[in-house]
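Asks: Following this message is one structure expressed as structure tokens.
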Amino acid sequence: MVKQLYPRLEINLQYLRENVEQMVKRAEERGIEIIGVVKGTTGLVPCVQQFLAGGCTKLASSRLEQIEDCQTAGLDVPYLLLRVPMLTEVPEVIRLCDYSLNSEIRVLRALNEEAGRQGKIHRPIIMADLGDLREGYWDHDEMVDVCCQVENEMDNLELAGVGVNLGCYGSILATADKLQELVDIARRVEERIGRKLEYVSGGATSSLMRILDGDMPEGVNMLRCGEGILLSQDLDRFYGYDVSYMHEDVYTLKAEVIEVKTKPTHPVGTITVDAFGHKPVYEDRGMRRRALLGIGNVDCGNYQELTPRDAGIDMVGASSDHTIIDVEDAERSVEVGDILSFDVDYASLCYLTNCRNVHIVYV
Ligand SMILES: *Cc1c(COP(=O)(O)O)cnc(C)c1O
């Protein structure tokens with residue numbers, strides 16, 4: 001087997017656990033449960049263990065494979081499937097998950113039948129679309145009816161609650177008003193079924209600011225949260241929150257320099273398309289010193305999501321396996337064989353942890 005050292009992603013497990021603790025504590029103080037969403041690091045078991053050590057008692061992913069890996073590793077807690085199930089994965093959803101988010105009556109019927117077949121009780125959360133326009137019922141009367149059908153007609157399902165997702169497609173802010181709409185739907189369902197729902201699931205990291213601001217509508221009692229814990233800096237970058245009580249350096253990506261030369265900045269010859277079939281625009285900055293790294297978009301998804309730790313380095317471009325950086329103004333000298341460090345963002349974290357060419361090292 002080929003043994004390569006770079007690129008490598010170092011993950012500080014203690015920092016990750018402390019981030020979980022900080023967020024779980026803040027949510028608990030307001031009566032809100034944080035379900036640990038593990039897909040941001042591809043469900044890597046040592047990372048998932050930090051969610052549990054930090055205080056989460058349930059775990060969630062959009063991917064059944066990750067949930068199965070956790071169970072195989074002996075992490076014996078309830079699991080929630082985040083992506084509304086494909087009809088074809090219903091048997092595996094019942095086998096692996098205690099909860100799932102749902103928005104189609106046909107799928108709910110299939111879950112009910114399959115749960116009966118496997119002798120299990122499955123707990124769906126029915127999703128409302130409050131304007132973000134991804135999954136969920138746009139027609140809330142229909143949604144309330146579906147909740148009642150689950151409650152009254154599907155013996156192998158136990159309606160766990162209602163939920164929403166905001167911010168992921170439509171970029172819609174999870175305001176207190178939006179989340180109050182969800183609570184209102186929950187109250188209508190509770191009135192119709194004559195009991196309290198276990199969960200009113202108010203969203204993902206994009207709803208965390210309601211906890212941080214202390215204006216979460218009464219009744220929302222669960223968030224499904226990954227990014228804000230895994231990459232707490234995003235709460236600062238995207239929403240302007242001071243999260244200095246969390247670690248912003250859980251991950252360090254390290255890549256090796258494989259060439260350093262002074263070259264023109266504008267390609268020389270007739271320009272057609274790049275490695276991905278695109279026609280980029282190249283800025284002519286004259287001759288500059290630039291370095292090539294042994295990492296590419298196959299490893300990280302998009303090189304632009306990597307941020308050099310060293311001052312004066314610019315990300316110039318990348319193909320599948322190479323990344324070009326400008327080091328003309330770098331504060332450190334950059335030579336062949338040097339190892340450079342980078343911060344990563346959410347998408348690159350997903351790609352890097354999912355790539356067999358990237359070494360994951362726990363520190
Ligand atoms: C991924 C996902 C989450 C968690 O998102 P984060 O931004 O990582 O907190 C929550 N709910 C659903 C439906 C998701 O797909």
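The values are calculated or read from the model by the stated rules, or taken from the named source; none is laboratory data. Being a predicted model, the structure only gives us computed values, none of them experimental. Reconstructed Cβ throughout: ideal geometry from the backbone, glycine too, with neighbour counts over all protein chains shown. To get the accessible areas, we keep the full protein, side chains included, count just its heavy atoms, and leave off ligands, DNA and RNA. Shrake-Rupley method; radii C 1.70, N 1.55, O 1.52, S 1.80 Å.
Asks: Among the numbered conditions (1) free of Cβ contacts under 8 Å to residues at least 60 places away in the same chain; (2) open to solvent by less than 50 Å² (accessible area, probe 1.4 Å); (3) among the acidic types (D, E), tell me where E29 comes up short.
Replies: With respect to (1) free of Cβ contacts under 8 Å to residues at least 60 places away in the same chain; (2) open to solvent by less than 50 Å² (accessible area, probe 1.4 Å); (3) among the acidic types (D, E), E29 is out only on (2).
Asks: Somewhere in region 189-199, is a residue within 16 Å of the ligand (Cβ to nearest atom) and closer than 28 Å to R17 by Cα?
Replies: yes
Asks: Which number in (1) within 23 Å of L212 (Cα to Cα); (2) touching a Lys or Arg at 6+ places or on another chain (Cβ under 8 Å); (3) of a type in the set (F, W, Y) marks the one condition that Y15 misses?
Replies: It fails just one condition, (2).
Asks: Based on this model, can you work out whether K120 counts as more than 30 Å from V150 (Cα to Cα), of a type outside the set (D, E) and more than 16 Å from the ligand (Cβ to nearest atom)?
Replies: Criteria not met by K120.
Condition check ((1) in contact with a helix residue (DSSP H, G or I) (Cβ under 7 Å, 6 or more places away or on another chain); (2) free of Cβ contacts under 8 Å to residues at least 12 places away in the same chain; (3) surrounded by 18 or more Cβ atoms within 10 Å (Cβ to Cβ)) across all residues:
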{"residue": "K39", "(1), (2), (3)": "yes, no, yes"}
{"residue": "L44", "(1), (2), (3)": "yes, no, yes"}
{"residue": "I67", "(1), (2), (3)": "yes, no, yes"}
{"residue": "P78", "(1), (2), (3)": "no, no, no"}
{"residue": "L87", "(1), (2), (3)": "yes, no, no"}
{"residue": "E92", "(1), (2), (3)": "yes, no, no"}
{"residue": "R95", "(1), (2), (3)": "yes, no, no"}
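Asks: Now for a different question. Any chance you could count how many residues in region 234-278 are out of contact with any Phe, Trp or Tyr (no Cβ under 8 Å at 6 or more places or on another chain) and either over 30 Å from E10 (Cα atoms) or of a type in the set (D, E) (or both)?
Replies: The number of residues fulfilling the criteria is 15.
Asks: Just name the residue that is surrounded by the most Cβ atoms within 10 Å (Cβ to Cβ) out of those in region 328-363 that are in a loop (DSSP other than H, G, I, E, B) and among the small types (G, A, S).
Replies: By that ranking, first place goes to A330.
Asks: Kindly indicate which of M216, M222 is in contact (Cβ under 8 Å) with a residue 40 or more places away in the chain and more than 14 Å from the ligand (Cβ to nearest atom).
Replies: M216
Asks: Check off (1) touching a Gly at 6+ places or on another chain (Cβ under 8 Å); (2) under 30 Å from E153 (Cα atoms) for P91 and give me the number that stays unchecked.
Replies: (1)
Asks: When only residues in region 56-65 that are touching a residue at least 24 places away in the same chain (Cβ under 8 Å) and more than 13 Å from the ligand (Cβ to nearest atom) count, which is most open to solvent (accessible area, probe 1.4 Å)?
Replies: T57
Asks: Go through region 225-261 and give me each residue that's more than 11 Å from the ligand (Cβ to nearest atom) and among the small types (G, A, S).
Replies: S232, G240, S244, A255
Asks: Restricting to strands (runs of 3 or more DSSP E) lying wholly in region 220-327: which have 2 or more residues that are open to solvent by less than 30 Å² (accessible area, probe 1.4 Å), at pLDDT 95 or above and touching a Ser or Thr at 6+ places or on another chain (Cβ under 9 Å)?
Replies: Of the strands (runs of 3 or more DSSP E) lying wholly inside region 220-327, those with at least 2 residues that are open to solvent by less than 30 Å² (accessible area, probe 1.4 Å), at pLDDT 95 or above and touching a Ser or Thr at 6+ places or on another chain (Cβ under 9 Å) span 222-225, 251-264, 287-293.
Asks: OK, next. If you check T307, T270, T353, which single one turns out to be polar (S, T, N, Q) and touching a Leu at 6+ places or on another chain (Cβ under 9 Å)?
Replies: That would be T353, the only listed residue that is polar (S, T, N, Q) and touching a Leu at 6+ places or on another chain (Cβ under 9 Å).
Asks: Let me ask you something else. Can you name the condition, by its number, that L5 falls short on among (1) open to solvent by 60 Å² or more (accessible area, probe 1.4 Å); (2) out of contact with any strand residue (DSSP E or B) (no Cβ under 8 Å at 6 or more places or on another chain)?
Replies: (2)
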